[in-house]
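The next block holds one structure in the form of structure tokens; read it before the comments.
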Amino acid sequence: METLKKLLPLVLLLLFSSLASAQSDLEIRKVFEEYGKKKGVVMVELNGSMLDEYDFTSFKSIIISDQPGAGDFIRKCLAKDEAGAKKVKQVLTNGKASSIILQLSPKNSSNRIILFNESNGTPPKITLIYIETDENSDEALKLILKKK
Amino acid sequence: MNKIKIDKMKIYESKKINTREADELLEKYYDGLTTVEEERVLHQFLSQPSLPEKYAAEQAMFGYFKAKKVVQKRQLPIYMRWVAMIAIIFTSVYTFQTLNASQLKSYAIVNGKKITNTEKIKAIALTSINEISSTNSEVEESLKAINPNKLVNEQLDVFNNLAN
């Protein structure tokens, strides 16, 4: 009984850490929370067998249309998440990052990729994708960019 | 006289005594007149379960308290207890994770409305991938086309012109 009491915090810690998703430590989580249910926004979350075709373990995306300030908010979040990235690719348009690809360092043996794009159309359309994969992130990225 | 006593003893041995006989024997016992054999019969009588409450004192005196089962705890060695604990922790965490993973569902939210139709969700997900892939493929191609040495030389050329 004494041993159990000593180990109880460890058990709880393990349980809660397993409950928390790999995305929960990232700033872009706020984007999904803030804009996910707004009008003109399409948010998708895929898990499990729905992703067999892609070799992903988790997929979350959001397409935001006509939400002023969303682009800047996402760029701020991405700037923070960039700190933990092992590869960063970005395209600047008029001094602003219009496309960003972050290949983050693995967490819980999952490679994580964030893709962001802001189109210049009217209204401007923002796409943000978060992917977790057990595969090499370069390979996963190739697979995504081939899907047209 | 002796013969009668022996006969009585035989009776005691062969059959259980009733309460009246037991009372007589107890009286005799308190007077210090019982024989070893009579006391054995009394022991036998008092050892019976569910005797009237009036025999409680005698039962206690003769040592027939209700027997309490002494259950000896079988304790595992300390290292085995630790092994068991660790096994329990990992099993519960694994079970929790498995259950949690199986409960993760796919969904889409369009204009605040939740969609759970798998075909629709797939189609929406594909749209977002297409949005990204079309733009980023162009970016990738552009990045491949860039020759860093050429770019540096071109930029330095500007300064060469100034120097000349």
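The values are calculated or read from the model by the stated rules, or taken from the named source; none is laboratory data. Given the structure is predicted, the values throughout are model-derived calculations rather than measurements. Using ideal geometry, Cβ is built from the backbone for each residue, glycine included, and neighbour counts are taken over all protein chains shown. Note: accessible area is taken over every heavy atom of the protein model, side chains too, but ligands, DNA and RNA are not part of it. Shrake-Rupley method; radii C 1.70, N 1.55, O 1.52, S 1.80 Å.
Just a few scattered comments:
- In segment B:100-117, the residues that are at the interface with another protein chain (Cβ under 7 Å from one of its Cβ atoms) and assigned to a strand (DSSP E or B) reach residues that are open to solvent by 90 Å² or more (accessible area, probe 1.4 Å) and modelled with pLDDT of 65 or more with C-beta atoms within less than 7 angstrom, at least six apart or across chains, in these pairs: B:Y107/B:K114; B:Y107/B:T116; B:A108/B:K120; B:I109/A:K37.
Residue by residue, here is whether (1) aliphatic (A, V, I, L, M); (2) more than 9 Å from chain B (Cβ to nearest Cβ); (3) open to solvent by 10 Å² or more (accessible area, probe 1.4 Å); (4) more than 11 Å from the chain's Cα centre (by Cα) holds:
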residue: A:R112; (1), (2), (3), (4): no, yes, yes, no
residue: A:S119; (1), (2), (3), (4): no, no, yes, yes
residue: A:P124; (1), (2), (3), (4): no, yes, yes, yes
residue: A:D134; (1), (2), (3), (4): no, yes, yes, yes
residue: A:L145; (1), (2), (3), (4): yes, no, yes, yes
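- Subset of segment A:45-56 [more than 9 Å from chain B (Cβ to nearest Cβ) and either outside any helix (DSSP H, G or I) or in contact with an Asp or Glu (Cβ under 7 Å, 6 or more places away or on another chain) (or both)]: A:D55, A:F56
- Annotation: of all residues in segment A:22-64 being small (G, A, S) and buried (at least 19 other Cβ atoms within 10 Å of the Cβ), the one that is nearest to A:I131 (Cα to Cα) is A:S58.
- Hey, A:A83 more than 9 Å from chain B (Cβ to nearest Cβ) and under 16 Å from the mean Cα position of the chain (by Cα) or not: yes
- Residues of segment B:74-81 include at least one that is surrounded by 13 or more Cβ atoms within 10 Å (Cβ to Cβ) and modelled with pLDDT under 85.
- Among the criteria (1) open to solvent by 40 Å² or more (accessible area, probe 1.4 Å); (2) touching a Phe, Trp or Tyr at 6+ places or on another chain (Cβ under 7 Å); (3) assigned to a strand (DSSP E or B), the one A:Q67 does not fulfil is (3).
- Hits in segment A:77-96 (condition: in a helix (DSSP H, G or I) and at pLDDT 85 or above): A:C77, A:L78, A:A79, A:K80, A:D81, A:E82, A:A83
- Against the conditions (1) out of contact with any helix residue (DSSP H, G or I) (no Cβ under 6 Å at 6 or more places or on another chain); (2) under 26 Å from A:K37 (Cα atoms), A:E53 satisfies every one except (2).
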